[in-house]
Amino acid sequence: MIVETIANPAGFEKLRNEWSELLEASDSNCLFLTWEWLHTWWQHLSEGRRLFILTVRDGGQLVGIAPLALRARRLIRFLPFSALELLGTGSVGSDYLDVIVRRGVEERTVRTLAEYLAAKKRMLDLSQFNKGSVAIAPALARRLRERGWKSREALFQICPFIDLSEHSWASYLATLDWEHRHNFKRRLRQITKQFAVGFDSVVSEAQRREALDALLNLHDMRWRERGGSNAFHTPGLRAFHEEMSRLALQRGWLRLFLLRLDGQPTGSLYGFLYDRRFYFYQQGFDPRYEKYSIGLLMTGLTIQRAIEERAKEYDFLRGDERFKFHWAVAARPLGRLELYPPGARGSLSHHAMRLRGAVRSASRRLLSHVSAYKIRAAKGTASNAGGRRHDPSLRHPVADRADERPGLRRA
């Protein structure tokens, strides 16, 4: 087997067809490992990283891709040395990242990659892989540990999901808690009585542009008074979604829905259907219609559409938000692996990452205490003023944070 490093965008571009064929022939096949997703991420969100894609060929056939990038050292963040990490990391929220390997040659390919990476002696930071599957990242870590590398593994997040493989819409509804099922039906009857309701997925480029603009505006409206959201908050993120949604429409993967009430855009849900899996990515709605549980309705209606399209799964992606478990009863764990080469550099990187983790944990605890103090102070002010302050906990539990993609929430 021969390993080659792809370090320039032209080489990445040329891999497109082979990449897609290999992904379909692997057990890692998912939206976030497609060439379209990762190449678009590289164009708009790479933030100074350098390409370090490793390809493994056996007799000329592509059998493995380690989609890596070299992260520069950042002393201010306690990262004294550069590190290799998976393409797609960062604020865009890619889940199920991994090394891609053709079925049947996993052991040989992993061994070849481990030998190559061991010689490079660079720290590896492999995040957001599926801990509950046959992910390649843990196998690669085992091979490197055999060569004297140290590792640190942690639970990164969880991804609630619904197994739809045996369900019709009616049979799925019957699995839900009676109160939740009744509330969804009641809200749907209520909104169809009061408004002319349209809920459609885009099928043309003009519709895509309109619906994406509506999604961004509605999401901003939803979070503006709450300090903002970091789902689409930078030009790079917006450019990423502009291009990715266009590519996904061309490939037939895009499921971008627009809810209209009396002809006016009121809500939007942004998802993808890939390899018979529906991925719930993000949604937003006009806060003036919050009392109608717009988030609840759009989630339920897209589950129904997914079943009608014979999807085998509806994936809410990362985050343990309460509303997801009104619909889903299972979840997959996402993992993170840090791998340190033997020697002084590896030891220093290991200690630096532990220090960084301790500092971040302390910062989160401090922020939590400050936030709690501010909330108590604000409630006391409202009480003294004799007014009734809006309490977010009084919202319907299913609608709570229903437009928010975990990991992409407001800063």
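Ranked by the mean number of other Cβ atoms within 10 Å per residue, highest first, peptides 104-116, 59-71 order as 59-71, 104-116. Straight Cα distances below 23 angstrom link LYS131 to the lysines LYS150, LYS312, LYS324, with same-chain residues fewer than 8 positions distant left out. If Lys and Arg each add +1 and Asp and Glu each add -1, what is the summed charge of the other residues whose beta carbon sits under 13 Å from the beta carbon of ILE136? Around ILE136, the charge tally is +3.
Here the relative contact order of the range 1-120, from alpha carbon pairs under 8 Å that lie six or more residues apart, stands at 30 percent.
Applying 1/(1 + (r/R0)^6) with R0 = 35 Å to the Cβ-Cβ distance of ARG147 and ALA25 gives a FRET efficiency near 0.80. Counting only residues at least eight positions apart within a chain, or on another chain, the lysines with an alpha carbon under 22 Å from that of LYS193 are LYS185, LYS291. Please label the shape of the range 1-131 as rounded, prolate or oblate, based on the square roots a ≥ b ≥ c of the eigenvalues of the alpha-carbon gyration tensor (a/c under 1.5 means rounded; beyond that, a/b larger than b/c means prolate, else oblate). It is prolate, given that a/c is not under 1.5 and a/b is the larger ratio.
Taking a ≥ b ≥ c as the square roots of the Cα gyration tensor eigenvalues, with a/c under 1.5 meaning rounded and otherwise prolate when a/b beats b/c, else oblate, which class fits the range 199-271? Verdict is oblate for the range 199-271. Shape class for the range 166-206: oblate, because the ratio a/c of the largest to smallest gyration tensor axis (alpha-carbon atoms, square roots of eigenvalues) is 1.5 or more and b/c is at least a/b.
Computed extension gain for ALA239 through LYS193, at 0.36 nm per residue and net of the alpha carbon distance, reaches 12.7 nm.
Remark: relative contact order (the range 224-307) = 17 percent; criterion is Cα-Cα distance under 8 angstrom and separation of 6 or more residues.
The residue among TYR270, LEU218, LEU164 whose Cα reaches farthest toward the positive pole of the charge dipole of the range 140-282, with charges on the beta-carbon of Lys, Arg, Asp and Glu, is LEU164.
Every read-out reported here was derived from the displayed coordinates using simple, explicitly stated rules and does not represent laboratory data. Keep in mind that what you see is a predicted model, and the values were worked out from it rather than measured. We place every Cβ from the backbone using ideal geometry, glycine too, and count neighbours over all the protein chains shown.
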